[in-house]
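The values are calculated or read from the model by the stated rules, or taken from the named source; none is laboratory data. Please read all numbers here as calculations on a predicted model, not as lab measurements. Note that each Cβ is placed from the backbone with ideal geometry, even for glycine, and that neighbours are counted across all protein chains shown. These area figures cover heavy atoms from the full protein model, side chains too; ligands, DNA and RNA do not enter into them. Shrake-Rupley method; radii C 1.70, N 1.55, O 1.52, S 1.80 Å.
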Amino acid sequence: MQPPPPENAGAPRFAWPRFQVLEYVESSEIIEAAGIPVALRAVRVKERLPEVVQRLADAFHEGGLHVPPGPEQPQLASGAVMLTAVDMRRRITYTAILQPQPDGTTVLYLGEANHMLRREPVAAGDFAPLPPGASQVLRVGSESSRTMAFHVPLSGADVDAFYARALAQHGWQRVEDESGIFTRSGEELRVVHEPGAGGLRAVVLVYRRGVAAVSTPATP
């Protein structure tokens, strides 16, 4: 006997309700927040704030989205209102920030965060992401290479799995038959780890630019 299909399995993707748009305040763009791509739009609409809030809340519920109760919705200053809902099946978060204007119109900032497309974020200045819980991070740079050393509360298999996934998201390819070596357009990154003190794993990442691949990259 097969399990029943997920709730709203055949439901179409959520669409924002239609308003009387007076102008686009900003051009549409996509930014990345904590590795998650977020599509943003900003418009000014004719409807007043209470009507916009009600129509958005109705649209979220009718679209089958999970809407956190009022006390769990973030509160903003300056008279702005924020509503958030989640498409649990598609892992998309919809956020609307509403600002009433003196002339009775409302400015809407609409965001869609697609958690399915999340990448492990790389901190500014680093050449690779750090696993969650990384501590005692040491960064060393020279003319020919850069090194990052740290400890993590992970097993060796967990470290390997994290970097196999995270580096692939940033265009790196694992070198066939070479454990812990990745290449990308003349760049090389080595991941080395061993048991450390206190049950942690000691990890060292070594980055070099302008090197040839050790061998043919493994087939995904």
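One table, with the values for the structure above:
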quantity	calculated
Arg165 basic (Lys, Arg) and either open to solvent by less than 30 Å² (accessible area, probe 1.4 Å) or in contact with a strand residue (DSSP E or B) (Cβ under 8 Å, 6 or more places away or on another chain) (or both)	no
Only listed residue being open to solvent by less than 50 Å² (accessible area, probe 1.4 Å) and among the acidic types (Asp, Glu), chosen from Asp177, Asp126	Asp126
First in the range 133-149 and within 12 Å of Arg209 (Cβ to Cβ) and acidic (Asp, Glu), second anywhere and at pLDDT below 90 and surrounded by 12 or more Cβ atoms within 10 Å (Cβ to Cβ), Cβ under 6 Å, 6 or more apart	none
Residues (touching a residue at least 60 places away in the same chain (Cβ under 8 Å) and surrounded by fewer than 17 Cβ atoms within 10 Å (Cβ to Cβ)) located in the range 84-120	Arg89, Arg90, Asn114, His115, Leu117, Arg118, Arg119
